[in-house]
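Only one structure is covered here, and it is reproduced in the block below.
The values are calculated or read from the model by the stated rules, or taken from the named source; none is laboratory data. From a predicted model like this one, the values you see are computed outputs, not experimental measurements. Backbone-built Cβ (ideal geometry, glycine too); neighbour counts: all protein chains shown. When the accessible area is computed, the model is the full protein with side chains, heavy atoms only, and any ligands, DNA or RNA have been set aside. Shrake-Rupley method; radii C 1.70, N 1.55, O 1.52, S 1.80 Å.
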Amino acid sequence: MTLDALAEPTDRVGRGWTAALSLANVAIWVGWYGPLQILLARQAEDFAPGTGMSKETLLAWVTGVGAVVSLAANPFFGALSDRTAARWGRRTPWIVAGAAGGALSLLLLAGASGLWVMAVGWCLVQLTLNAAFAAVTAAVPDRVPRLQRGVVGGWLGAAQILGAVVGTGLATAAGGIAAGYVACAVFTAAGVLPYVLRYRDLRLGAADRAAWSWGAFARGFWLSPRRYPDFGWAWLTRFLINLSNALVLLYLLYYLRDRLHHEDPEQGVLILTAVDTVALLATVVVGGVWSDRVGRRKPFVRWSGVLMAAATALLAGWQTWAGAIVVAALLGVALGVFMSVDFALMTDVLPTARDRGKDLGVINVANALPQVAAPALAAPIVTHLGGYRVLYAVAAAVGLAGAVLVGRIRGVD
């Protein structure tokens, strides 16, 4: 079992394993998106009076602090799982602990009576569920051979979308804030059970665990682009393409209301989100399967990035409701391919088997950091530097740069 834990996997995983891991991923995203889409916003409305903040400011403050926790937690717990030599394996203990902790944190939010409990509870949700997510993500390079990672990445991408939908549905249908949190907590805890109970994790022998020191642990989070250039370029391309997408989505409601003068901008956002989601689900698994069959990654990532950049540029020039619908469909098609194949590409450039969890956590920072950077970049552009045309032109240029730089990755076809 020790050799298997650090070896490059060669045996294909079955559909049951993929389905169980995908369900665990759905459970984690339910725990995130039920609160994010519905429940935290409703609590902000309740708690804002008397705090001196508007509900928008309070919600932004709570979610912003939670985002900072998320940025640090994912690589941290990934690194801890890399060093875990428990009887139940490297990843399973953290999936169980993270899901259980996430469920308890959601129950804490269910009973929140004020701002500080709400903020602490949400930070604990981010902390614990990132522990589970880091372990679920690292299970793929642990167990899945390279030429099956596209399809597995596709199903994990579809699971994220499904988790957001299920989480929002549970939060809405439960009938109240507390009931919504309880429903999400139950699903989060139960959703990981098929994977952890049915599939045995690979064990890391104590002799193969790296010697512990705080200095070495902290230094391990820096991966020199000179020493690992493929990893560095892969991180940068993912960051740029995700930043482009974040710039498009950030002010979508305001764009429909203030630029297109849509009669019902909230409903417009819902329609565009539905179009994007349907198109994404249509390609997220297909793209991964196709990439596995031809044995190539970079062309899929490059051309999906180019299509996203072209669609964003179209949004800058064709500012109508019909144009927005076309752009949403194109972005969904491209993002579906990007999500599945780029995930497989990321696993192909990991420097060592010993640090898979930590290194994937560092890569996941390229998903979260654009959510922090986008507001700082978008606000001055919209208000002082040309408005929405310039914003979407800049977003297209950023995404195109990410697509072009994929070519700098040399170790993967």
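What does the extension gain come out to for Ala72 and Met53, with contour length at 0.36 nm per residue minus their alpha carbon separation? Each step should come with its number before you reach the end.
Numbers: separation 19, 0.36 × 19 = 6.84 nm, distance 2.70 nm.
Result for the pair: 4.1 nm of gain on full extension.
Per residue, the stretch 349-388 exposes 39 Å² of solvent-accessible protein surface, assessed with a 1.4 angstrom probe and all protein chains in place. Among the helices of the chain, those built from whole DSSP H runs whose Cα atoms reach 15 Å or more along their own axis and whose mean Kyte-Doolittle hydropathy is at least 0.5 are 15-34, 55-82, 92-110, 115-143, 149-173, 177-191, 229-250, 265-294, 298-317, 321-348, 356-384, 388-405. Between Ala322 and Ala373, the contour length at 0.36 nm per residue exceeds the Cα-Cα span by 15.5 nm. Determine the shape class of the stretch 265-413: with a ≥ b ≥ c the square roots of the Cα gyration tensor eigenvalues, call it rounded for a/c under 1.5, and otherwise prolate if a/b is greater than b/c, oblate otherwise. Because a/c hits 1.5 or more and a/b exceeds b/c, the stretch 265-413 counts as prolate.
Rounded to the nearest 20 debye, the dipole size of the chain about its Cα centre is 1240 debye, using +1 on the Cβ of Lys and Arg and -1 on the Cβ of Asp and Glu. In loop segments of the stretch 40-126 as defined by DSSP, the trypsin sites (Lys or Arg not before Pro) with at most 14 further C-beta atoms inside 10 Å of their C-beta are Arg87.
Cα centroid separation, the stretch 135-177 to the stretch 372-413: 27 Å. The heavy atoms of Glu45 present about 100 square angstrom of accessible area, all protein chains included, probe 1.4 Å.
Here's how it looks for Ala86: its modeled amide H is under 5 Å from those of Leu204, which are all 5 or more places away or on a different chain.
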